[in-house]
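**Student:** Once you've had a glance at the structure underneath, I'll fire off some questions.
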Amino acid sequence: MKALVDPGAALSQGVAELRRRYKVPGDFPPQVLAAAQAAVGRRPTEHADRTDRPFVTLDPASSTDLDQAFAIEASGGDLLLHYAIADVAWFVDNGGPIDEEAWRRGTTTYMPGAKAGLYPPVLSEGAASLLPDGPRPAVVFTVRVGADGEVALEGVERAVIASRAKLAYETVRPEELPAGFAELAARIAAAEARRGAARVDPPEQEVAVVDGRLQLRFRPRTEAEAQNAALSLATNLAVAGTLHVHRTGLFRVMPEPDARAVKRLRQTARAFGLVWPQMESLAQFELGLDPADPKQAAFMLAVRRASAPAGYVPYREGAPPWHAAMAATYAHATAPLRRLADRYVVMAALAVANGKPVPEAASAAFEKLPEVMARADSRSGQLDRAAIDMAEALMLQGRIGETFRAVVTDIDERGARMQLCDLPVVARVAAHKVEIGDEMTVRLTAADAAQPSTSFQRTG
């Protein structure tokens, strides 16, 4: 999760400390860089020629590690999504220096204004990235999307593609997107609603200076960004279904938020003045949230923080994997430049879709990846929380002595957890004889971005 962006580099000094504290990988070792440079020269020999298809990419304008390109065509009442995924396995030898380093890293680690890549930039932002500056090797998934939004994996092949354009969320015009793009996204959304899926996609938080004062605010997702997510979702669902039928794979799983988390979220909603009917489930309430509204966006972020961590599990007979937020069996296959697990899921899907056995390297990886990915995800989650804590402390440093309205969202041995009513800040305060849902007034007594930490005192 990229929870915070820092375009003005206000957090740069603190980010350097976070990198040290959480042991974020630094530069790639020389042998890894040498192997990556050698891999750049590999030419596709097992790939069909699909350079005639009008693939495009759609990402943030600044992105250069492009995992996905897409083309869409009509097929009767269905839509065919041709989803090209960077063919990372073509460049990375199992057991080689690049592979060994990737297993140490697990994922690309994002920090405000910085990142530590999973693969060397010469691959992830060059030869393996689906940039529009020449043909690229890819694995192309063809997904059939019915009128009802149900998906089926129609075929998988290695192919050389040529992206026509690098489109950006911030500037793309509807006429630049393939015909059927908006319709496909609408079908996927309708299917999600029928399943009762509760995907929470809060906008990114960003640090900004307004009237000389540091502020945390939300960058709402553009319509194109939300629609683009549906393409990845459709592909991942189709891949998961195919792998599960073939009794293999690695699946993303996530439990429902427990009763205590939901109770806490109800108080968070109350703190922001959001009306959540008592008889309405969390999933139902989420469907009506507007990420363009700052308070609703902050609540969406609170839902993500409150949810139990998602994880990975290999296929197990008699133990169907389930992702509560997706309300479906789900896999990660569409970001191999940024997630180690995706490379092996792509390898397995390519094999089974073509009637071949799953490569031994993939089957063996499925057993080891849950622990590796959990460790990488944990580090990313800790970094996200620490970066937000740092930004909150910086934002509040000039407001020592001010009072704020708050609502108690949880109580434990460390005191009361509270949500400030007018700022997207969650903090703790020493408070006795309070109950979850109580309103109170607190005074900010300290804000230290170096720790990072904030301190409040109850005043009423």
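The values are calculated or read from the model by the stated rules, or taken from the named source; none is laboratory data. This is a predicted model, so every value here is computed, not measured. Cβ atoms come from the backbone with ideal geometry, glycine included; neighbour counts cover every protein chain shown.
**Student:** Restrict the check to the stretch 48-57 and report whether at least one residue is outside any loop (DSSP other than H, G, I, E, B), over 30 Å from the mean Cα position of the chain (by Cα), of a type in the set (A, V, I, L, M) and modelled with pLDDT of 95 or more.
**Tutor:** Yes, there is a match, as at least one residue in the stretch 48-57 is outside any loop (DSSP other than H, G, I, E, B), over 30 Å from the mean Cα position of the chain (by Cα), of a type in the set (A, V, I, L, M) and modelled with pLDDT of 95 or more.
**Student:** Based on this model, can you work out whether Ala229 counts as of a type in the set (A, V, I, L, M), under 30 Å from Ser12 (Cβ atoms) and surrounded by fewer than 21 Cβ atoms within 10 Å (Cβ to Cβ)?
**Tutor:** yes
**Student:** Let me ask something else about it. Tally time: how many residues in the stretch 63-79 are surrounded by 15 or more Cβ atoms within 10 Å (Cβ to Cβ), outside any loop (DSSP other than H, G, I, E, B), out of contact with any Lys or Arg (no Cβ under 6 Å at 6 or more places or on another chain) and among the aliphatic types (A, V, I, L, M)?
**Tutor:** 3
**Student:** Specify the residue that is farthest from Arg195 (Cα to Cα); the eligible residues are those in the stretch 287-309 that are touching a residue at least 60 places away in the same chain (Cβ under 8 Å) and in a loop (DSSP other than H, G, I, E, B).
**Tutor:** Ala292
**Student:** If I filter the stretch 296-310 down to residues being surrounded by fewer than 17 Cβ atoms within 10 Å (Cβ to Cβ) and touching a helix residue (DSSP H, G or I) at 6+ places or on another chain (Cβ under 9 Å), which single residue comes out as modelled with the highest pLDDT?
**Tutor:** Pro309
**Student:** When you scan the stretch 250-261, do you find a residue that is part of a helix (DSSP H, G or I), loosely packed, with under 15 Cβ neighbours inside 10 Å and free of Cβ contacts under 8 Å to residues at least 12 places away in the same chain, even just one?
**Tutor:** Yes.
**Student:** Right, something else. Does Tyr83 satisfy the criteria of being crowded, with 21+ Cβ neighbours inside 10 Å, in a loop (DSSP other than H, G, I, E, B), in contact (Cβ under 8 Å) with a residue 12 or more places away in the chain and among the aromatic types (Phe, Trp, Tyr)?
**Tutor:** Against the criterion (crowded, with 21+ Cβ neighbours inside 10 Å, in a loop (DSSP other than H, G, I, E, B), in contact (Cβ under 8 Å) with a residue 12 or more places away in the chain and among the aromatic types (Phe, Trp, Tyr)), Tyr83 does not qualify.
**Student:** Which one of these does Gly41 not meet: (1) of a type in the set (Gly, Ala, Ser); (2) more than 30 Å from Pro452 (Cα to Cα); (3) in contact (Cβ under 8 Å) with a residue 12 or more places away in the chain; (4) out of contact with any strand residue (DSSP E or B) (no Cβ under 7 Å at 6 or more places or on another chain)?
**Tutor:** Among (1) of a type in the set (Gly, Ala, Ser); (2) more than 30 Å from Pro452 (Cα to Cα); (3) in contact (Cβ under 8 Å) with a residue 12 or more places away in the chain; (4) out of contact with any strand residue (DSSP E or B) (no Cβ under 7 Å at 6 or more places or on another chain), Gly41 violates only (3).
**Student:** If you don't mind, there's one more thing I want to ask. What single numbered condition from (1) surrounded by fewer than 18 Cβ atoms within 10 Å (Cβ to Cβ); (2) under 30 Å from Thr108 (Cα atoms) fails to hold for Asp412?
**Tutor:** Among (1) surrounded by fewer than 18 Cβ atoms within 10 Å (Cβ to Cβ); (2) under 30 Å from Thr108 (Cα atoms), Asp412 violates only (2).
**Student:** Continuing with this model, one more query. Does Arg105 satisfy being of a type in the set (D, E, K, R), within 24 Å of Val352 (Cβ to Cβ), surrounded by fewer than 24 Cβ atoms within 10 Å (Cβ to Cβ) and touching a residue at least 60 places away in the same chain (Cβ under 8 Å)?
**Tutor:** no
**Student:** Would you say Ser75 is hydroxyl-bearing (Ser, Thr, Tyr), farther than 22 Å from Asp59 by Cα and touching a residue at least 40 places away in the same chain (Cβ under 8 Å)?
**Tutor:** Spelling it out, Ser75 is indeed hydroxyl-bearing (Ser, Thr, Tyr), farther than 22 Å from Asp59 by Cα and touching a residue at least 40 places away in the same chain (Cβ under 8 Å).
**Student:** Here is a follow-up. Please go through the stretch 52-71 and pick out each residue that is under 25 Å from Arg144 (Cβ atoms) and in contact with a helix residue (DSSP H, G or I) (Cβ under 6 Å, 6 or more places away or on another chain).
**Tutor:** Leu58, Phe70
**Student:** Within the stretch 1-35, work out how many residues are in contact (Cβ under 8 Å) with a residue 12 or more places away in the chain and in a helix (DSSP H, G or I).
**Tutor:** 12
**Student:** Report yes if some residue within the stretch 264-286 is part of a loop (DSSP other than H, G, I, E, B) and among the polar types (S, T, N, Q); otherwise report no.
**Tutor:** yes
**Student:** Now for a different question. Give me the pairs, please: first residue somewhere in the stretch 371-397 and over 26 Å from Leu444 (Cα atoms), second residue anywhere and modelled with pLDDT of 90 or more and of a type in the set (Phe, Trp, Tyr), beta-carbon distance under 6 Å, and either six or more positions apart or on two chains.
**Tutor:** Met373/Tyr312; Arg379/Tyr22
**Student:** Sticking with this structure for a sec: Residue under question is Arg247, and the condition is that it be at pLDDT 95 or above, farther than 27 Å from Gly8 by Cα, in contact with a Phe, Trp or Tyr (Cβ under 7 Å, 6 or more places away or on another chain) and in a loop (DSSP other than H, G, I, E, B); does it hold?
**Tutor:** So Arg247 passes the test.
**Student:** Scan the stretch 375-388 and give yes if some residue there is under 30 Å from Ala208 (Cβ atoms) and over 17 Å from the mean Cα position of the chain (by Cα), otherwise no.
**Tutor:** yes
**Student:** Here's a follow-up. Which residues, taken from the stretch 265-288, are closer than 22 Å to Arg405 by Cβ and either at pLDDT 90 or above or not aromatic (Phe, Trp, Tyr) (or both)?
**Tutor:** Matches in the stretch 265-288: Leu265, Arg266, Gln267, Thr268, Ala269, Arg270, Ala271, Gly273, Leu274, Val275, Trp276.
**Student:** So, one more: Which of the following residues is over 24 Å from Arg305 (Cβ atoms), out of contact with any helix residue (DSSP H, G or I) (no Cβ under 7 Å at 6 or more places or on another chain) and in a helix (DSSP H, G or I): Ala240, Ala182?
**Tutor:** Ala240
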